Every structure is written in structure tokens, then in C-alpha cells.
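The block underneath contains the structure these notes are about, expressed in C-alpha cells.
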Amino acid sequence: MTTVVPTSEEDPALSVVRFTSELSWSDAGPEVAEQQVSRLCVEAQECMVMNRWLDLTSLMLTSADIVFSNSKVSEKDLECIFTVICNLVTKSKSPDEELEMTKIICAKIIQQPSDKPALRLKILFNLYNLLDNAYCRFYVYMKALNLAMIGKVTEHVIPSCKKIDSFLKEWNLEVQDERELFLSVANALKDSKSSVKDSFKFLTKYLATFSGEDAYKMGEAKEEAARTIIEFVKAPETFQCDLLDMPAVAQLEKDAKYALVYQLLKIFLTQRLDAYLEFQAANSALLKSYGLVHEDCIAKMRLISLVDLASHESGQIPYSLIKDTLRIDDNEVELWVVKALTAKLIDCKMDQMNQVVLVSSCTERVFGQQQWQVLRTKLGTWRGNIANVINTNQANKIAEDSSQAAQGLMIR
């Protein structure tokens, strides 16, 4: 099989042009093929001599489709060909030219995302590592995310999603680009069972970029805001979020299409099981349309209701109150307390003799102004207690020093 790796002193780019053009014109007959190959090689040499790297990139990409689809070209050769093509970006004379070269290379690579998607993705990341321009890197990364989703190879990009915070520092993006990034990452992660929490995190990051926007801009986020609410309700291990404080979510409260979805969020973040059951009785078809399972919602609301009891019952919750609030049998009370402990929603002990749960601390579903005020009060109390301890210790030390001095005088 013909290999792309040059064995002579011919420039690698020229070797690629010769190889791909011979492949493209192989069915046209020897005379026509030789003429066309010669023409393309001369044109490539002219581009190199005149430093027309963008034109050379375009020329080399003309036969890329055939290279991808030709069974005679191995994946190793394909990767080698594109390594040479991608390396041309290092020769660009300006950031604008680098971006244009990046765009046409990416356009060719992602043209048929379902054909050899893993290889195409590898080529894109090779290109990414060759780029100096921060925006070009962002552009390639976005194309890689979309390719991974369409080609169903998101497992190859998931590890990089953990580095988004460091990427953001490097890329220095505008708000609109940040939005596209967060939403694309969330979409890439959503089908991975191990990344559901991360997908939800990036959806909330996306929504958080909308603040003080005009109604039209804010309207762009309605669908994703509703989706984020549903993802929160579905997530069996997520009990806390700041969605109610976000303008992109708040706009749904009076929206004709999504008002009920917003109402559902308020129930899960501020109310108890009885409110959910009332809502479900009136809107069961809506819940089913969003893929919500009634039994799963009840289980989550029971845990949430137990947490709400823990935060409002002055540290002691009678078993009977838990039974009535969670709508369970007597013999299930301790089971649900253990579930809340396991989920780290509450820190408590069960007093079986007195049939009460003694709560030390609990998780807050939301952390707004009221919660900050409670925290401020607690910190003030702790600060006062510490000051009292310090003052007591100082007083004891003075008394002890005075006692020792008196004893010294008596000995003399």
C-alpha cells in the first residue's frame, strides 16, 4: 500500500498533494491522471513559494473526501495526511488567517461525522494542539463536541469536560460563546449515566449567563430552563440548587407553556409531599409527557419533606410527624431516616425509646437571603461563645498568676 510518509527530500505537503491527487485521478487513465497530478503539484509548489498557506490548505483539502472513503487508505495513512494538512496552521501569517485555515480544515473533517467519528475526533484534537490562537482552540473544541454527539463517541470528549474551567481562563470568551460552550458540554454529557450530575451543572452554568438581558434574549433560554427543571426533578441524588434565583428560570413563572413546570420546581424546593401529590393529581399527563415517573418523584419528595421537617422542628422530629408527612407506615419511618442519612441530607440520631429523631444538622434545598441570615446569626453566636471562652481563660490566667505571686511573698 502507498504510504504518505515521505521517503525522499520532497516537502511533506507536496507528498500529500501528490498522493491524494493520484488517488483522485486514478480512474481517469494514465495520461489524464499524470497531467492533473502534475498540475496540482505545480500549483502547490507555487503556494509554498509565495507563502499562500490558506490557498495551499484549500488545495490539499479538495481530495479529502476521497481519502476518507477510499478503502485503500488505512486509518494510519489518513491520520498522517491530516497531520500534514493541520500542521499548515503553524505557518499562518496572522490570527485571522489561522482562523480561516482552522475553519476550512474543520469543515472538511466534520463533513461526514458518522464515518470514522473516533478518527475524525482524534484529528480535530491534533489540530487543537497545533493552534496558538485561543479563539481558534475554542472553535475546534466546539466542533469536536458536536462531532462526538452526532457520531455517538462522546466517551472520547467527556474527560476534557472536566477541564472546562481552565479552558475558560485560556480562551477568554464573550458571554454568547460561553453560553454555546456550556450548552454543548451539557448536551455531550447528558447520555452518559456517570456524567448526569455534570450535565446538570453545565445546564445551570448556561442559565446563569442570562442576567439583566432583554426579554428577547432571555426568551432564548426558556426551553433549556424548563429542561433543567425537569433534569433536577429526575435526578435522584440532587436535592439542592439555585434555579429559583435565576432570571432565566423566573421568567417561566408566568409563561403560558412552562408555568406548570416552574410550579413543580417550587414544590420540590420549598414545599412537601402533600403539595406534590396535589399537583400530580391535577397534572399527571404533563408529568408523563416530560418522562417523569410518579413513584420516583414520591421517593424524592419524601426525602425532601424529611429534610424540611429537620429544618423546622427545633432539632426533634416525632416519628408520628414523619409518618404523617411522608405518608408511610409506622415500620417505614426509620427506613426513610436511614435513607436521608445515607444521602447525607441530615445528620441525626434515632431515639427509639421516645420515638423521636434528634437532628444535628441538615441540608438546605435552597440557599437564599433567609439562609444567609440564619448563617450570619449562627456565626455571630459562635463568635460570641469563642470570645467568652477567651475572656474566661484570660481571667483564669490572671487569677492563677496572682495566686502564684502571693504564694511567693509568703515563702519569703
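The values are calculated or read from the model by the stated rules, or taken from the named source; none is laboratory data. Everything quoted here is computed from the prediction, not taken from an experiment. Glycine gets a Cβ as well: all are built from the backbone with ideal geometry, and neighbour counts include every protein chain shown. We work out accessible area using only protein heavy atoms, side chains counted, and drop any ligands, DNA or RNA first. Shrake-Rupley method; radii C 1.70, N 1.55, O 1.52, S 1.80 Å.
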- Query: Add -39500 (n - 2.57) for each DSSP H run of 4 or more in the chain, then divide by its residues: what number comes out at 222 nm, to the nearest 500 deg cm²/dmol?
  - Reply: -21500 deg cm²/dmol
- Message: Once R0 is set to 51 Å, what does the formula 1/(1 + (r/R0)^6) return for the Cβ-Cβ distance between ASP132 and LEU335, expressed as a FRET efficiency to the nearest 0.05?
- Response: 0.30
- What whole-number value in Å² describes the accessible area per residue of the chain for a 1.4 Å probe? 56
- For the chain, the accessible surface attributable to carbon and sulfur atoms (probe 1.4 angstrom, ligands and nucleic acids excluded) amounts in percent to 51
- Query: Given a Förster radius of 45 Å and the C-beta distance between GLU75 and ALA259 as r, what FRET efficiency does 1/(1 + (r/R0)^6) yield to the nearest 0.05?
  - Reply: 0.30
- Task: Mind checking the range 27-94 for GluC sites (Glu not before Pro) that DSSP puts in a loop (not H, G, I, E or B) and that have at most 12 other Cβ atoms within 10 Å?
- Result: none
- Query: How far is it, in nm, from the label point at ASP177 to the one at SER192 when both lie 7 Å from their Cα along the line to the Cβ?
  - Reply: 2.4
- Note on the structure: Residue separation between LYS162 and SER361 times 0.36 nm, minus their alpha-carbon distance, gives in nm 68.5 nm
- Query: Whole-Å semi-axes of the range 287-361's equivalent ellipsoid, largest first, each the root of 5 times a Cα gyration tensor eigenvalue?
  - Reply: 24, 13, 10
- If eta is 1.002 mPa s and T is 20 °C, what Stokes-Einstein diffusion coefficient results for the range 180-337, Kirkwood Rh from Cα pairs, in µm²/s? 128
- Task: May I ask for log10 I(q)/I(0) of the range 168-265 at q = 0.22, 0.23 Å⁻¹, from a Debye sum over the Cα atoms as equal point scatterers with solvent left out?
- Result: -1.17, -1.25
- Query: By per-residue mean of other Cβ atoms within 10 Å, what is the highest-first order of 189-195, 105-111?
  - Reply: 105-111, 189-195
- Query: Among the trypsin sites (Lys or Arg not before Pro) within the range 228-274, which fall in a DSSP loop and have no more than 12 other Cβ atoms within 10 Å of their own Cβ?
  - Reply: LYS257
- To the nearest µm²/s, what D does Stokes-Einstein give for the chain at 4 °C and 1.567 mPa s, using the Kirkwood radius over alpha carbon pairs as Rh? 48
- Item | Cleavage-rule hits, GluC sites (Glu not before Pro), the range 192-277, DSSP coil, Cβ neighbours within 10 Å at most 16 | GLU213, GLU220, GLU237
- In debye to the nearest 20, the charge dipole size for the chain, taken about the Cα centre with +1 at each Lys and Arg Cβ and -1 at each Asp and Glu Cβ, equals 1280
- Query: For the range 42-200, what's the radius of gyration and Dmax over Cα atoms, in angstrom?
  - Reply: 16.4, 55
- Would you mind checking which residues have amide H under 5 Å from VAL356's amide H? H placed 1.01 Å from N; only 5 or more apart, or other chain. TYR319, ASP351
- Under DSSP H, which helices of the chain have Cα atoms covering 24 Å or more of the helix axis and a Kyte-Doolittle average no less than -1.0? 30-49, 134-150, 294-312, 369-411
- Query: So for the range 251-317, what percent of the C-alpha to C-alpha distances run longer than 21 Å?
  - Reply: 28
- Using Cα positions and a limit of under 18 Å, work out the lysines in reach of LYS205, with same-chain residues fewer than 8 apart set aside. LYS162, LYS163, LYS169, LYS190, LYS197, LYS217, LYS222
